[in-house]
1. Going by C-beta contacts inside 10 Å, put Trp170, Trp200, Trp180 in order with the fewest on the left.
2. Using per-residue counts of other Cβ atoms within 10 Å, averaged over each peptide, order 51-58, 154-161, 210-217 from highest down.
3. Note down the net charge around Phe71, summing +1 for each Lys or Arg and -1 for each Asp or Glu among other residues with Cβ under 12 Å from its Cβ.
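Rule-based calculations on the coordinates, nothing more; no lab input. On a predicted model such as this, the values are computed, not experimentally measured, just so you know. Cβ placement follows ideal geometry from the backbone for every residue including glycine, while neighbour counts extend to all protein chains displayed.
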Amino acid sequence: MDAWSGAIGLPLLGAALHPIIGVMVQRASRLGARLPILLGCANVLTFIIFAIYLKPDFSAPFQKYDALAIFNGFLFFWGQWFSIQSVQRGDLVVHSSALGFKVILVAMLSASVGLEKAGVGLLSGAVLATMAVYLVAGATFERLKINRLTLWLTLLACIFFAVNDFLTGWKSDESGGPRWLMIMMATSGLLSVGMLAIRWRDVSETFTKTDIALPVIGAGFTLGVQSLLVNLAFSKFCEPALSNIAYSSRGVMAVFFVWILVKRCKEPLGKRQLIGAVLMVIALGLVLV
């Protein structure tokens with residue numbers, strides 16, 4: 001897989017899983033699964049998936065960049081916390097719209113250190129991708145106002161995830177991509193194990209009920225695969241802004257998934273959604289040029 005197809009293709013595959021994750025998280029929540037259980041199980045399963053795929057070599061001694069990978073694990077954990085809380089409590093459309101803000105943050109951080117050229121194409125593409133997510137999701141200022149808690153939780157998730165994505169794209173080569181990712185996910189996994197351990201009664205109750213356990217495991221497994229695809233793109237191809245623009249298509253995919261399969265949209269797809277889809281294509285084109 002070359003740099004172009006990997007930096008874009010892997011995030012696109014991850015984006016395709018986003019609506020499935022959202023549906024399973026909301027289903028598990030409606031059945032009584034609590035946020036710490038959802039997050040903890042998701043992060044532990046994510047660590048297992050990374051370990052099976054990457055098989056890193058830890059024979060080298062601890063290095064200074066390993067400490068940065070640990071810090072990145074904390075960022076990933078809190079990004080997941082606020083993101084799942086946003087999905088669990090709020091409107092998927094508002095959540096998908098607000099996630100577009102991360103694209104601009106990653107583009108600005110990448111350009112600030114010269115990781116990616118701060119050209120008109122990159123910055124314009126980031127702004128257009130954010131507008132595309134907003135239009136396709138069909139969010140309005142009134143809808144955002146009603147769901148302001150969802151909005152703020154998602155924006156907090158954007159900040160943690162943006163710094164996480166940027167650092168992975170910028171510094172993961174210093175300690176080796178697989179080693180960096182495993183340290184990052186091990187940190188997040190250990191935090192999650194501790195969180196689950198102090199809530200062992202809730203964990204036991206969740207997994208004794210098959211109807212709750214299945215969507216919890218399903219959401220965690222799908223989230224783990226998504227995280228692997230996206231973080232491989234960041235660490236291997238080192239173009240986090242470009243990858244994030246491709247990954248921002250998850251908002252587009254979420255809305256079309258809901259409209260076609262779940263039938264929860266009150267209004268049919270219209271001009272806003274079509275314009276948003278066109279803007280997303282233009283955004284990718286600008287960055288590539």
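1. Lowest to highest Cβ neighbour count: Trp200, Trp170, Trp180.
2. Highest mean packing first, the order is 154-161, 210-217, 51-58.
3. Here the count lands on +1.
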